[in-house]
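*Asks:* First, the structure itself, so that you have it in front of you.
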Amino acid sequence: MKKIILASICFMVLGLTAATAQSDKMKAKATEKVEELNAQIVAAGDKSLALSDEQRNKIYELHIARLKELRKVKKADGSKEDRKAINKKYNQQIYKDILTKKQKKARKVGKEKTKE
């Protein structure tokens with residue numbers, strides 16, 4: 001009986017460790033996406049258009065939600081079109097609801113500059 005309980009505890013600890021590692025990866029990826037977007041906006045030359053703390057937080061939360069939804073679709077063997085639809089939904093929220101018109105224009109210019 002003790003062996004069964006010990007084995008159960010070990011499996012629970014391993015499960016929690018794996019979930020934490022995935023969560024850390026997700027947070028790192030979301031932070032990377034926010035910083036990439038901000039870098040594209042600033043690359044246009046006007047640092048005053050950089051993302052505010054509020055915008056950063058909103059975009060970060062959207063990326064976390066996007067990554068969670070993508071993970072669910074992947075586990076359910078979703079198609080490439082399903083993943084594209086998820087990405088489109090979240091990108092529309094970012095570009096329509098969070099960024100200003102000036103920031104969108106600056107991002108477009110900055111994105112071209114960073115490609116070069």
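The values are calculated or read from the model by the stated rules, or taken from the named source; none is laboratory data. The model shown is predicted, which means the values in this text are computed figures rather than measured ones. Note: ideal-geometry Cβ built from the backbone for every residue, glycine included; neighbour counts use all protein chains shown. Side chains included, ligands, DNA and RNA excluded: accessible areas come from the protein's heavy atoms. Shrake-Rupley method; radii C 1.70, N 1.55, O 1.52, S 1.80 Å.
*Asks:* Mind scanning Lys75/Lys101; Lys47/Lys75; Lys80/Lys104; Lys47/Lys72 and naming the pairs with a C-alpha gap bigger than 29 Å?
*Replies:* Beyond 29 Å: Lys75/Lys101; Lys47/Lys75; Lys47/Lys72.
*Asks:* To continue, here is another question. Lys/Arg Cβ at +1, Asp/Glu Cβ at -1, dipole of region 56-116 taken about the Cα centre: which of Ala85, Leu67, Gly110 is farthest positive-ward?
*Replies:* The residue sitting farthest along the positive end of the dipole is Gly110.
*Asks:* What nm distance separates the two modelled labels at Lys80 and Lys29, each placed 7 Å from Cα along Cα→Cβ?
*Replies:* About 1.8 nm, to one decimal.
*Asks:* Once amide H atoms are built 1.01 Å from N in the peptide plane, which residues 5 or more positions from Ala44, or in another chain, come under 5 Å H to H?
*Replies:* It is Gly110, by chain and number.
*Asks:* When only the heavy atoms of the protein chains count and the probe is 1.4 Å, how do Asp97, Asp24 rank by accessible area, highest first?
*Replies:* Asp97, Asp24
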